Amino acid sequence: MRPRFETLYALIGDDAKVFADIGYDLGALMVAFLKRRPHGQAVGVEIQPQAAARFRSTHAATLGRAGLDRVTLLTGSGLAPLTDRAADAAPIDCAVIAGIGEDTTLSLCRASAELVAALPRLVICIPTFHATIRPGLAELGLYAADERLVVDRGRTYEVIAFEPGVEPSDDAVATLFGPRLFERRDPGVVGWLEDVRDRYQKAYAHGLRNYLNGPRRALGEKLARLDEALERARQWDDATRTSG
Ligand SMILES: C[S@@+](CC[C@H](N)C(=O)[O-])C[C@H]1O[C@@H](n2cnc3c(N)ncnc32)[C@H](O)[C@@H]1O
């Protein structure tokens, strides 16, 4: 499996028995979960009407009848279809939303705020650098309990596991960029932030003209603190090299 999927899989958590994949597309993550956990159940939601039939025909041989019986495929948008599950269905331990843009991911979570707040874990992987998802999910009562950086096909992705609760850190820069990454002094932070700086430098210098007002403000405020975040990460990298 590609590194991004391996990281998503790792953050679903070892104890999860039922996991939901919102926007499962070809279903790689669900297949891994069903194969690796013989008693696990997966619930997939896709907006593409043909996705369910495609999943069943593509993965029938790999999963077999017993594997297919452990997956429920729902057609619709975001987390809302999860409420269509049978009343006696086992509760979802973890939902994943990966590969969907920041604005859409946040609107889907806001549209199902009650359901989101009741999830033991919600794993998010936004495909681009983002600025509104952390504060947006904090408003829904979640904090980043765990987070990882993963490089896949030359790009760095943040994979964040949110859980109910309040962010314990009062470190403003760390909270903005990744409190658990900063706590852990993650060695990937320098490379990731250098890449973000290189990619956004031009747009930032031109006032992020191509962004809508709300995201533009949040992204501008975050990028304004990028050098500070990078400087801190470089210091801990230097300290590790010196002590090693
Ligand atoms: C880029 S793919 C990502 C697939 C996979 N989750 C991954 O991380 O590689 C995004 C998928 O999300 C689906 N999608 C987009 N908006 C959605 C929505 N509102 N509800 C459910 N699925 C959605 C798309 O149809 C597409 O299959």
Of all residues being small (G, A, S) and touching a strand residue (DSSP E or B) at 6+ places or on another chain (Cβ under 7 Å) in segment 156-190, which is farthest from V96 (Cα to Cα)? Just the residue, please. G188
Scanning segment 8-28 for residues that are on the phi < 0 side of the Ramachandran plot, within 11 Å of the ligand (Cβ to nearest atom) and not in a strand (DSSP E or B), which turns out surrounded by the most Cβ atoms within 10 Å (Cβ to Cβ)? L8
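Every residue, every condition in (1) in a helix (DSSP H, G or I); (2) touching a helix residue (DSSP H, G or I) at 6+ places or on another chain (Cβ under 9 Å), yes or no:
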residue: M30; (1), (2): yes, yes
residue: P49; (1), (2): no, no
residue: A53; (1), (2): yes, no
residue: A86; (1), (2): no, no
residue: I92; (1), (2): no, yes
residue: I100; (1), (2): no, yes
Name the residues in segment 174-189 that are surrounded by fewer than 19 Cβ atoms within 10 Å (Cβ to Cβ) and either assigned to a loop (DSSP other than H, G, I, E, B) or among the β-branched types (V, I, T) (or both), would you? T175, R185, D186, P187, G188
Of all residues in segment 212-230 being open to solvent by 90 Å² or more (accessible area, probe 1.4 Å) and of a type outside the set (S, T, N, Q), the one that is nearest to E194 (Cα to Cα): D227
Which condition from (1) in a loop (DSSP other than H, G, I, E, B); (2) over 22 Å from L176 (Cβ atoms); (3) open to solvent by less than 50 Å² (accessible area, probe 1.4 Å); (4) touching a Gly at 6+ places or on another chain (Cβ under 8 Å) is the one that L73 breaks? (1)
Mind listing just one residue for me: the one in segment 118-147 that is crowded, with 22+ Cβ neighbours inside 10 Å and of a type in the set (D, E, K, R) and, of those, nearest to L79 (Cα to Cα)? R121
Looking at V159, is it of a type in the set (A, V, I, L, M, F, W, C), assigned to a helix (DSSP H, G or I) and buried (at least 18 other Cβ atoms within 10 Å of the Cβ)? no
Evaluation of A117 against (1) of a type in the set (A, V, I, L, M, F, W, C); (2) touching a helix residue (DSSP H, G or I) at 6+ places or on another chain (Cβ under 9 Å); (3) in contact (Cβ under 8 Å) with a residue 24 or more places away in the chain (one fails), failing number: (2)
Conditions (1) loosely packed, with under 13 Cβ neighbours inside 10 Å; (2) part of a helix (DSSP H, G or I); number of the one not met by R209: (2)
If we ask which residues in segment 76-112 are buried (at least 17 other Cβ atoms within 10 Å of the Cβ) and of a type in the set (A, V, I, L, M), their number turns out to be 10
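The values are calculated or read from the model by the stated rules, or taken from the named source; none is laboratory data. Remember, it's a predicted structure, so these values are computed and weren't measured experimentally. Reconstructed Cβ throughout: ideal geometry from the backbone, glycine too, with neighbour counts over all protein chains shown. What goes into the accessible areas is simple: the full protein's heavy atoms, side chains included, and nothing from ligands, DNA or RNA. Shrake-Rupley method; radii C 1.70, N 1.55, O 1.52, S 1.80 Å.
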